[in-house]
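Inspection log for the structure reproduced underneath, given as structure tokens.
Nothing in this text is a laboratory measurement; each read-out follows from the coordinates by a stated rule. Only a predicted model underlies this, so the values are computations on that prediction, with no experimental measurement involved. Positions of Cβ are generated from backbone atoms using ideal geometry, with glycine treated the same way; all protein chains shown enter the neighbour counts.
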Amino acid sequence: GAGLRQLQEGKPKHFIARELIQNAWDESTKKCEVKAAWAQGLAQIQVVDDSPEGFRNLADAFTLFAPTYKRADPTKRGRFNIGEKQAFSVCESAQLTTTKGTLIFDKDGRKKSAKARAFGSEIAVTVRMTKKEFEEVLETVKSYVVPVGIEFVVNGEGIAYRPPHKVIEATLPTELEQDGVLRRTQRKTAAHILKTDGKSRLYELGIPVTEIDCQFDIDVQQKVPLSTDRETVPLSFLALLYAEVLKANHDDIPSERSSDVWVREATKHPRVNPD
């Protein structure tokens, strides 16, 4: 409704594309294609995937905070089953076509149609945004770290798989549902350390979470602990991550970078041997 829309209006518009893409990546998808265009203050973003089952439950698109199987699985990106609704709340219109039928959201409310796909889902949204916001959305989507086994295409351009520079294993905080409550817990996971030429980012299963002050991109292969705005991570989590990255890469760090903030944070951490 209008209240949810107001809450979402101030967010970077990238979150709209993110929710639609991560929903596709979390299913048994082999190909995910994004088509996006902008004209006269309106962006049209379409995400198509080939997941055999499509959207698991069409009613989920209507139900805020419905239980979702993803909450109990730390290797899935979804959390509250709220992402698509947040995205839809700021859209002028949205249409979801899946194996179960079609839902249309527009200024007249919501409608259901029997039109269905043989497999996969197609979500198309129209959103008000500036040309600059649109260009930022496209740039961010093209920076995703594509998982092995998924072909990811943005406006006809295949986004190449980026092999990690190193893969480390570490016990890290994560979030999963236990007895109906989303709880913080610790779990052993892989983290992919990737070389980067520009700004570095922390990724959660390939989806950018936040920019970080590090000489590497870090892609954690499970849910990272997030605040409810899903835009920030605790500083204690970053310090722990930097410590693990430093342990695995101390031979690769030139001496002139030893005073970098992330290196200083890492060397103070109890998981790092001072030597």
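Show me the ranking of peptides 247-255, 161-169 by mean Cβ neighbours inside 10 Å, starting with the highest.
Final packing ranking: 161-169, 247-255.
Which of the peptides 206-212, 195-201 is most tightly packed, and how do the rest follow, judged by the mean count of other Cβ atoms within 10 Å per residue? The partial results should precede the final answer.
Details: 206-212: 17.6, 195-201: 13.0.
Ranking, from highest mean packing down: 206-212, 195-201.
No solvent, one uniform scatterer per C-alpha: report log10 I(q)/I(0) for segment 77-227 via the Debye equation at q = 0.13, 0.16, 0.19 1/Å, two decimals.
Treating every Cα as an identical point scatterer, log10 I(q)/I(0) equals -0.82, -1.14, -1.32.
Straight-line reach only, C-alpha to C-alpha below 22 angstrom: list the lysines that Lys112 could link to, leaving out same-chain residues fewer than 8 apart.
Within the straight-line limit of under 22 Å, Lys112 reaches these lysines: Lys85, Lys100.
Which whole-Hz couplings ³J(HN,Hα) result when phi for each residue of segment 204-216 is put into the Karplus expression 6.51 cos²θ - 1.76 cosθ + 1.60, θ = phi - 60°, listed in order with x for Gly and Pro?
Residue by residue, segment 204-216 yields 10, 6, x, 9, x, 9, 7, 6, 10, 8, 8, 8, 10 Hz.
So what are segment 101-152's ellipsoid semi-axes, whole angstrom, largest first, if each one is the square root of 5 times an eigenvalue of the alpha-carbon gyration tensor?
On the way: eigenvalues 145, 90, 6 Å².
Its equivalent ellipsoid spans semi-axes of 27, 21, 6 Å.
Take peptides 92-99, 184-191, 43-50 and line them up by average Cβ neighbours within 10 Å, highest first, as a rough protection proxy. Present the calculation step by step, with values, prior to reporting the outcome.
Values: 92-99: 19.6, 184-191: 13.9, 43-50: 21.2.
Sorting 92-99, 184-191, 43-50 by mean packing, highest first, produces 43-50, 92-99, 184-191.
Near the amide H of Leu42, under 5 Å away, which other amide H atoms are found, from residues 5 or more places off or on another chain, if H is placed in the peptide plane?
Amide H to amide H, under 5 Å and 5 or more residues apart or across chains, Leu42 pairs with Met129.
Can you flag which of Lys30/Lys142; Lys195/Lys247; Lys132/Lys166 are past 23 Å Cα-Cα? Don't skip to the answer; put the middle values down first.
On the way: Lys30/Lys142 18 Å; Lys195/Lys247 16 Å; Lys132/Lys166 35 Å.
From Lys30/Lys142; Lys195/Lys247; Lys132/Lys166, over 23 Å: Lys132/Lys166.
Taking the Cα centre of each part, how many Å lie between segment 207-228 and segment 97-154?
Value for the Cα centre distance between the two parts: 23 Å.
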